[in-house]
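Take a look at the structure below.
Rule-based calculations on the coordinates, nothing more; no lab input. From a predicted model like this one, the values you see are computed outputs, not experimental measurements. Cβ placement follows ideal geometry from the backbone for every residue including glycine, while neighbour counts extend to all protein chains displayed.
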Amino acid sequence: MIAFWIAATGLSAVTAGLVLRGAARARPVDDAQTRLEPHRRRLAEVERLALDGLLAEGELKAARAEAARGLLAAADQTQVWERDGAGPRKAVVVAVGAACVAAISLYVTLGRPELPDQPFAKRVAAWKDADAATLQPEQIAAVLEGVVAERPKDPEPLVFLAKARAAAGDLTGAEAALRKAVHVAPKRADIWSLLGETFVMEAKGQVGADAKLAFGEALKVDPADLRARYYLGRGKIAEGDVQGGLADWRALVAGLPAADPGRAALAQEIAQVEAKGGLPSAEPAAEANPQVQGMIAGMVEGLAARLAQAPDDADGWVRLVRAYAVLGETAKRDAARASASARFKDQPKVLSALRQAADTPAQAKTQ
């Protein structure tokens, strides 16, 4: 506390000193004109000699430059006050003093120097004890970073950390976590293919060299890895080998169970490529991107379950409606909005927030 007041007083004194120093060094207008007059006369003399033809072209340019430099230097050194200089100087002193007094008074009234801050670690601890469905992806990632530090040889926390970071939009952070994970567990095909998918997401759908390398490592461990096979086939189509990529995709579809929702999605994508002769869009469909999609879907379902037990959380209903809208789950979005609207029918602000949440664009379909 004492140290704070000493520092605050010192800073105030330094600030006031700098302002007053400038005021003390300033000169009235008459003094300024006196200092500038010799340089103006010199410049006028140069021009007169030029008119009389007494200076050559080169000498004229040099003389003009020298006279102008002198005039500018004198002007820079002169700070001008009005003729009645005492008034402005007194005003400066009063203003500085008043600012210092006002700042100290305001701090004494509103400041709480004795109140301890809330370290980030405490916030993370609170998030760790909270319901995961109520947390943002960034908060989940912060909790998982602590788990990773506690279990450095376990790749699983790193995988979940990568998914949380990806859900938060931090693809660079997701890549870093997965790089560590493949170093810890180089024989995990799923981690290699997740790393490859992250490269694809960072490249806006392009299957580049890094992604191909990661998918290749996945297939070395597990030749049947679905994610690696899908993206490598997509890479072939994007590079012009449409038939080769389609052949890979057809083989992939043939190996999927009939009840697998990914089978129908991939069959539809194959039909689109056949009709168009190439990829229908630069980025893969959301159904083929389980990394972010699964993370978000799990969080949304957890939130829905919590609201079923505690339905009076208006903010929770707004988040649920918005999440369903983002995922493109229109039926669930409308059902959640109807339930919330009936419960909060007498609260116009909540109804307005629900309406805005329902209008959120379905971004998840373009992942």
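Details
- Sites HIS183 and THR15, calculated FRET efficiency, Cβ-Cβ separation with R0 56 Å, nearest 0.05: 0.60
- Overall, the anisotropy analysis places the stretch 132-259 in the prolate class: the square-rooted eigenvalues a ≥ b ≥ c of its C-alpha gyration tensor yield a/c not less than 1.5, with a/b exceeding b/c.
- Seen from ARG333, the other residues with C-beta closer than 11 Å to its C-beta sum to a net charge of 0, counting Lys and Arg as +1 and Asp and Glu as -1.
- Full-extension gain in nm, ARG42 to LYS220, via 0.36 nm per residue minus C-alpha separation: 55.5 nm
- The gain in end-to-end length when the GLU156 to ARG355 segment is fully stretched comes to 67.8 nm, 0.36 nm per residue minus the alpha carbon separation.
- Rg to Rh, two decimals, where the stretch 175-250 supplies the alpha carbon set and Rh follows Kirkwood: 0.98
- Neighbourhood net charge (10 Å Cβ-Cβ; Lys/Arg +1, Asp/Glu -1) for ALA177: +1
- ALA209 paired with ALA338, simple spin-label distance in nm, labels 7 Å along Cα-to-beta-carbon: 5.5
- Electrostatic bookkeeping for ASP359 treats Lys and Arg as +1 and Asp and Glu as -1; over the other residues with beta carbon under 11 Å from its beta carbon, the sum is +4.
- Trypsin sites (Lys or Arg not before Pro) within the stretch 127-221, DSSP loop, no more than 15 other Cβ atoms inside 10 Å: LYS153, LYS187, LYS204
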